[in-house]
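The values are calculated or read from the model by the stated rules, or taken from the named source; none is laboratory data. Treat the numbers as computed from the prediction; the structure is a model and nothing was measured. Every residue, glycine among them, receives a Cβ derived from its backbone with ideal geometry; neighbour counts consider all protein chains shown. Note: accessible area is taken over every heavy atom of the protein model, side chains too, but ligands, DNA and RNA are not part of it. Shrake-Rupley method; radii C 1.70, N 1.55, O 1.52, S 1.80 Å.
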Amino acid sequence: MKRVASMAIVMALPWAAPALAQSPLAIVQTCYVCHGPDARGAAPIAPLAGLPKDHLARQMADFKADRRPGTIMNRIAKSYTDEQIGLIAETLAAMK
Amino acid sequence: MLGTRRTFIRTAGAAGVGIAAFGAPAIAQAAPRIVVVGGGFGGATAARYLRLANPKLDVTLVERDDRFVTCPFSNYVLGGFRKLDDNVQTFDALKSKHGVKVVKGEATAIDTTARSVTLGDGSKLAYDKLVVSPGIDLNFKAVPGYDETAAERMPHAWKAGAQTLLLRRQLEAMPDGGTFIVCAPDNPFRCPPGPYERISVVAWYLKNNKPKSKILVFDAKDAFSKQGLFQAAWESEYPGMITWVAGKDGGKVESVDAAELSVKAGFGTEKGAVVNFIPPQTAGRIAIAAGLAEANGWCAVDPTTFASRKAANVHVIGDAAIAGAMPKSGSSANTQAKVVAAAIVAGLEGKEAMPPALFNVCYSLVSPDYGISVTNVFAATADKGIVPVPNSGGVSVGKPTSMGERKLEAEYTAAWYQAIVADSWG
């Protein structure tokens, strides 16, 4: 039964309307709740704007995989796909 | 009949924005008028982000007071380690930095057909798009004995301001050895962890000042937000002080006698030295007066845009909205407001709204140096509504490690407040 169900999902996918992706800026704007407007930081919460993209992406990936200990970012980072993390990092890195 | 009306509204909503209101060149020259009702976390953020996204928009914020006193951090006033003045947010930056027009007045009626908001002085504000963020109203008819007069004896302190200071004075005057009774409502209500944070920080005050005192909690519910973390903290920080009575054990309050400071529940009738009664709530009354609420008192919205299910060109955000798994919190309202700002801006440009980015964090202090949190990122779709992203989010670690999570989260609690008020009113 399970196999039939999953096959049906796989087969249905090509015909499904392509899901519109979230705007990366919209995701980044949710960071401001704790990291402050334009992610400039509210000490001791880290400023994020303008940091190197690779650094930001690595921190998020490390939080997600529990390689970096944290209080809350581990829980939050697990909500995002690797692709979303890349877009978040890119958007934050481009901010001044 | 209802089906016909709904169909009509949907059709009108879909066609109305791009073409009728802004498509015609003559009208397109005028800046689209957006009215925001309510200057709390939701309304202020919506006004701010609308102007950030498009400085040409004519954005008017309607608020009955000159300032907004935040409910978040008002529990710390009750605990005696914060001044209520530190919770005051003004609209100065919205006006001077962001060009938001701020109108002082109480929205008393909304004509969603003519698209205008009536204020208490009879004046009217016309809108092309309306954002309704009225917060909550307290239901003074739900529990026999608890009305607005009773609230002067048994404060609810569930809207920050005079009620907060009244409850603080009562706690200061309470004799050592007295019982502080807290009555918590059934879901849904503003700030799900709020009653339990309040119990915690008042316990901290009593432990340090009136250590023979007790706290008795009557709860209409059988479970509550961050329950495991709160109860473990009560055990370790305030042993023997707090008794929590669940709804199934007779915690649901049947009536109160304000003159006697007594509470009657299935558990029994108990008299307190101070009683904090938090009544059931509804969406702010303007939402109900405008016909935006369901029979249950809350406003149904499209989970992806927060567009009202009841009226075209209207969005409802914050505590007043039914937002699926999102709690009624300042953080929720802030991120919902950004979703609405983006949806309105997209709509005015004739574009489809992008999928929303929704997030919540609720920090709570158990004592000034002991913080805990719950957080989630949410996915919103038309068919499934608003649900947490699976296998992520949730509450703070159950057993703190050597990094000192509780102390760190207490520091982040304070930083969160600075960040979100700047992102909402700054």
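Conditions (1) on the phi > 0 side of the Ramachandran plot; (2) more than 14 Å from chain B (Cβ to nearest Cβ), marked per residue:
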site	(1), (2)
A:LYS53	no, yes
A:MET60	no, no
A:ASP66	yes, no
A:GLY70	no, no
A:MET73	no, no
A:LYS78	no, no
A:THR81	no, no
A:LEU87	no, no
A:GLU90	no, yes
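Scanning the stretch B:414-426 for residues that are more than 7 Å from chain A (Cβ to nearest Cβ) and of a type in the set (Phe, Trp, Tyr) gives B:TYR417, B:TRP425. Looking only at residues in the stretch B:373-413 that are charged (D, E, K, R) and more than 7 Å from every other protein chain (Cβ to nearest Cβ), which one is nearest to B:ALA232 (Cα to Cα)? Only one residue tops the list, namely B:LYS399.
If you go through the stretch B:147-177 and keep only what is of a type outside the set (Gly, Ala, Ser), in a loop (DSSP other than H, G, I, E, B) and open to solvent by less than 40 Å² (accessible area, probe 1.4 Å), you end up with B:MET154, B:PRO155, B:HIS156, B:TRP158, B:MET174. Residues of the stretch A:67-85 that are farther than 13 Å from A:SER23 by Cα and touching a helix residue (DSSP H, G or I) at 6+ places or on another chain (Cβ under 6 Å): A:ARG68, A:GLY70, A:THR71, A:MET73, A:ASN74, A:ALA77, A:LYS78. Among the residues of the stretch B:209-227, the ones that are closer than 25 Å to B:ASP369 by Cα, of a type outside the set (A, V, I, L, M, F, W, C) and either open to solvent by less than 10 Å² (accessible area, probe 1.4 Å) or in a strand (DSSP E or B) (or both) come to 2 in all. Scanning the stretch B:332-361 for residues that are in a helix (DSSP H, G or I), touching a residue at least 60 places away in the same chain (Cβ under 8 Å) and more than 7 Å from every other protein chain (Cβ to nearest Cβ) turns up B:ALA333, B:GLN336, B:ALA337, B:VAL340, B:ALA341, B:ILE344, B:VAL345, B:GLY347, B:LEU348.
Conditions (1) under 27 Å from B:GLN89 (Cβ atoms); (2) in contact with a Gly (Cβ under 8 Å, 6 or more places away or on another chain), marked per residue:
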| position | (1), (2) |
| --- | --- |
| B:LYS141 | no, no |
| B:ALA160 | yes, no |
| B:GLU197 | yes, no |
| B:LYS212 | no, yes |
| B:PHE218 | no, yes |
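Every test in (1) within 30 Å of B:VAL77 (Cβ to Cβ); (2) within 12 Å of chain A (Cβ to nearest Cβ) is passed by B:VAL316 save one, and that test is (2).
Residues in the stretch B:228-252 that are outside any helix (DSSP H, G or I), in contact (Cβ under 8 Å) with a residue 12 or more places away in the chain and not aromatic (Phe, Trp, Tyr): B:MET241, B:ILE242, B:THR243, B:VAL245, B:ALA246, B:GLY250, B:GLY251, B:LYS252. From the list B:LEU94, B:LEU130, the one residue that fits, being modelled with pLDDT of 95 or more, in a strand (DSSP E or B) and within 17 Å of B:VAL59 (Cα to Cα), is B:LEU130. Within the stretch B:266-292, if we keep just the residues that are without any contact (Cβ under 8 Å) to a residue 60 or more places away in the chain and assigned to a strand (DSSP E or B), the residue that is most open to solvent (accessible area, probe 1.4 Å) turns out to be B:THR269.
Yes/no per residue for (1) at pLDDT below 95; (2) open to solvent by 10 Å² or more (accessible area, probe 1.4 Å); (3) not assigned by TED's automatic domain parsing to the domain that holds B:GLY40:
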{"site": "B:GLY324", "(1), (2), (3)": "no, yes, no"}
{"site": "B:ALA346", "(1), (2), (3)": "no, yes, no"}
{"site": "B:GLU349", "(1), (2), (3)": "yes, yes, no"}
{"site": "B:ASN360", "(1), (2), (3)": "no, no, yes"}
{"site": "B:ASP383", "(1), (2), (3)": "yes, yes, yes"}
{"site": "B:GLY394", "(1), (2), (3)": "no, yes, yes"}
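Filtered by the rule that a residue be out of contact with any Leu (no Cβ under 9 Å at 6 or more places or on another chain) and surrounded by fewer than 21 Cβ atoms within 10 Å (Cβ to Cβ), the stretch B:179-189 gives B:ASP186, B:ASN187, B:PRO188.
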